[in-house]
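Asker: Take this structure, written in structure tokens, and hold onto it; I'll ask about it next.
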Amino acid sequence: MLQFIFKRLIVIIPMALVVVTVTWGLIRTAPGNFYSTEKKLPPAIEKNIKEKYGLDKPWYVQYGKLMGNIIRLDFGDSLKYEGQSVNEIIWRHLPYSATIGFLAYLVALLIGLTAGIIAALRQNSAFDYSSMALSMLGLSVPNFVLGPILVLIFALWLFWLPPARWGGVSSVVMPVITLAAVYAAYIARLTRAGMLEVLRSDYIRTARAKGLDEKTVLLKHALRGGIIPVVSFTGPALASLLAGTVVVERVFAIPGLGNIFIQSVLNRDEPLILGIVAFLSILVMIFNLIVDISYGYLDPRIRYE
Amino acid sequence: MAEKTDIVKGTSLWKDAWRRLLKNKLATFGMCVMALMTLLVVFGPMVLSWMFGITPSAVPEDAALLKSLPPSGTNIMGTDELGRDLFARVLQGGRISLMVGVISTIVSLVVGVSYGAISGYLGGRIDNVMMRIVDIFYAIPYILIVIVLLEVFKGENTPSIITSLSEAFGGSGPLNQIFLLFFALGLVSWLTMARVVRGQVLSLKNQEFVLAAKATGVSTLGIIFKHIVPNTLGPVIVYATLTIPSVMLTEAFLSYLGMGVQAPYASWGSLAADGIKNIAIFPWQLIFPGVTMALTLFSLNFMGDGLRDALDPQTRKF
């Protein structure tokens, strides 16, 4: 097991480099660059700028330098936000996204798992139908519709919560609810489906036949297999949540990483794009590794050599 | 005298499934709403302009200062910022939104299922490499890939499969771009499907029926696509129904950022995005497109759920 983890951890570094390479290739494949979208610069100034960022060198020199810098986790300065390093920008905006993302996932897990398990245990009951209908609603309302409607009701009509801006607990409530709704709905559905399948399986019958009490059967046997779909969903979901969700950040004016990333893509701000992508990719791979490890614990039939 | 005997008719899996699907009230509700929505979206704009002379692009001639009118007898969903009838625009936008759901999901289904099944079945080193490639694409934000695909394949670089499809719908330049968007969305949404199918295949490939197929000499591709893939149908349908709303949402999100469906075309997403700007004063401009979209996704989800219950023999209720 330790060997498996070690192997996968080692793989993360070249993988991150590959991700950055592919991204870099993608950026360079698309026509145009940061300077082509700006106002036309005088040739002398453009030459100086390109020299400063090394853009006058052939592509392989630029690529080599990029890889060298990334191994040292130095992504250079942003093109758009002059004089600010990419690392600085990421660490400045990450805490906002991470706070909201993490809280939203906790809320989603709490609601989703509870609703999903109860719905599965009481299949075809009123609770099952109503909670699944509610989860459908959660999946069906786009968050950029839900967010503004919440603002309309709780901020503009009832004056209970601030409509936007960051500060204090009250400002977190609506963004977290907006973000969590979809995830809670997904988790509830995945849990219910997973539990229903597991509850019919042979090993649950065996557990019952052995005379185990219902609580042990459910919590020690069924739950482990039943939440596997939720676990596979958690890795990528958590990574994308922690890194920020653009819509919520825009609707509630939160200075998170998601919005910065979209801006950097629209601006063709190459160092910033690469920095955020590298950061995200490492995050996703670590979460996926955790997910893969937990598979082995949850389902003894899955083994890693 | 010989007794009259009843001929026992065999029922196929699909007939059985269809019967079970019709028993599911919520799924039937979803199918009815979707059928109605499709009819409305396809024929609605024509009927509306025929009978009431309302078209999605007509701007009122009298230059009233306030063009956003609340819902009324003539404009049942009100009007937008430019005074255009919102109902007609929602119907027209629905065409694009429904097409996003269908076309992008088919693209992602084809890619994701084949990829996941092959990776899971072959296993070993190939599986490892194929899944690491999925990891790489997971790690690259899809929005970057969509933008690059849209930039690289725009104009005359659009593959002929896309332009011919767009021409089949009577489109030219601007519509080609929208069809390119459909494909781009499909090409970034297959990753989860691949992972799900692979996971299913991993647990299926050691079962007896695969061994039996191997023993009778079925080819590897035959085993994958004829024996294993049909057994993954349950989760695949569930995930496909999650993919339809998610691609529709992604399209809406891209439109919200100004990168998706462009004027003169509209989708529910782009209409809702336009409505957000005026949420405090003209809330209907967000609420009607938003609710229409939500109702559609709601029905699609129920249909998918019903299909799963109907198709998956393991959850069959006797």
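Asker: Given the condition more than 14 Å from chain B (Cβ to nearest Cβ) and free of Cβ contacts under 8 Å to residues at least 12 places away in the same chain, answer yes or no: does some residue in the stretch A:112-122 qualify?
Answerer: yes
Asker: Does B:Val111 fit the bill of being within 21 Å of the chain's Cα centre (by Cα), more than 9 Å from chain A (Cβ to nearest Cβ) and closer than 30 Å to A:Arg268 by Cα?
Answerer: yes
Asker: Same structure again: Would the stretch A:156-174 turn up any residue that is out of contact with any Phe, Trp or Tyr (no Cβ under 9 Å at 6 or more places or on another chain), within 13 Å of chain B (Cβ to nearest Cβ) and farther than 24 Å from B:Trp268 by Cα?
Answerer: yes
Asker: Check B:Ile237, B:Ile281, B:Ile287 and return the single one that is more than 10 Å from chain A (Cβ to nearest Cβ), in a helix (DSSP H, G or I) and of a type in the set (Val, Ile, Thr).
Answerer: Just a single option satisfies the conditions, and that option is B:Ile237.
Asker: Right, another one. Filter the stretch B:114-143 down to residues that are within 11 Å of chain A (Cβ to nearest Cβ), more than 30 Å from A:Val246 (Cβ to Cβ) and part of a helix (DSSP H, G or I) and give me whichever is farthest from the chain's Cα centre (by Cα).
Answerer: Within the stretch B:114-143, the match that is farthest from the chain's Cα centre (by Cα) is B:Gly124.
Asker: Of the residues that make up the stretch A:205-227, is at least one under 26 Å from B:Trp190 (Cβ atoms), more than 22 Å from the chain's Cα centre (by Cα) and among the charged types (D, E, K, R)?
Answerer: The answer is no, given that none of the residues of the stretch A:205-227 is under 26 Å from B:Trp190 (Cβ atoms), more than 22 Å from the chain's Cα centre (by Cα) and among the charged types (D, E, K, R).
Asker: Can you tell me which residue among A:Gly25, A:Gly54, A:Gly64 is free of Cβ contacts under 8 Å to residues at least 24 places away in the same chain and within 14 Å of chain B (Cβ to nearest Cβ)?
Answerer: It is A:Gly25.
Asker: Quick one: would you say B:Tyr115 is closer than 30 Å to B:Gly269 by Cβ, surrounded by 19 or more Cβ atoms within 10 Å (Cβ to Cβ), of a type outside the set (D, E, K, R) and modelled with pLDDT under 80?
Answerer: No.
Asker: So for the stretch B:255-267 (the condition being within 12 Å of chain A (Cβ to nearest Cβ), assigned to a helix (DSSP H, G or I) and not β-branched (Val, Ile, Thr)), does at least one residue qualify?
Answerer: yes
Asker: I need the full set of residues from the stretch B:293-311 which are more than 7 Å from chain A (Cβ to nearest Cβ) and closer than 22 Å to A:Leu196 by Cα, in order please.
Answerer: Residues satisfying the conditions are B:Leu300, B:Met303, B:Gly304, B:Asp305, B:Gly306, B:Leu307, B:Arg308, B:Asp309, B:Ala310, B:Leu311.
Asker: Out of the stretch A:261-295, which residues are charged (D, E, K, R), under 25 Å from B:Leu254 (Cβ atoms) and surrounded by fewer than 23 Cβ atoms within 10 Å (Cβ to Cβ)?
Answerer: A:Arg268 - this is the single residue of the stretch A:261-295 that is charged (D, E, K, R), under 25 Å from B:Leu254 (Cβ atoms) and surrounded by fewer than 23 Cβ atoms within 10 Å (Cβ to Cβ).
Asker: Going by what's in this entry, would B:Ile178 be described as farther than 24 Å from B:Ser97 by Cα and either away from every other protein chain (no Cβ under 14 Å) or crowded, with 24+ Cβ neighbours inside 10 Å (or both)?
Answerer: Criteria not met by B:Ile178.
Asker: Ok, one more. Scan the stretch A:250-282 for residues that are farther than 29 Å from A:Leu55 by Cα and within 12 Å of another protein chain (Cβ to nearest Cβ) and report the count.
Answerer: Of the residues in that region, 2 qualify.
Asker: Also, I was wondering about something else. Evaluate the stretch B:207-216: report whether one residue or more is aromatic (Phe, Trp, Tyr) and at pLDDT 85 or above.
Answerer: yes
Asker: Could you say whether any residue in the stretch A:186-198 is under 19 Å from A:Ile254 (Cα atoms), at the interface with another protein chain (Cβ under 10 Å from one of its Cβ atoms) and not hydrophobic (A, V, I, L, M, F, W, C)?
Answerer: no
Asker: Quick one: would you say B:Gly290 is within 19 Å of the chain's Cα centre (by Cα) and either more than 21 Å from B:Thr38 (Cβ to Cβ) or modelled with pLDDT of 85 or more (or both)?
Answerer: Here the answer is yes, as B:Gly290 does meet what is asked.
Asker: Report every pair of residues separated by at least 6 positions or lying on different chains whose Cβ atoms are under 6 Å apart, first residue within the stretch A:199-212 and modelled with pLDDT of 85 or more, second assigned to a helix (DSSP H, G or I).
Answerer: Sorted first by the residue in the stretch A:199-212, then by its partner, the list stays empty.
The values are calculated or read from the model by the stated rules, or taken from the named source; none is laboratory data. Small disclaimer: the values here were computed from a predicted structure and weren't measured. All Cβ positions, even for glycine, are placed from backbone atoms using ideal geometry, and neighbour counts span all protein chains on display.
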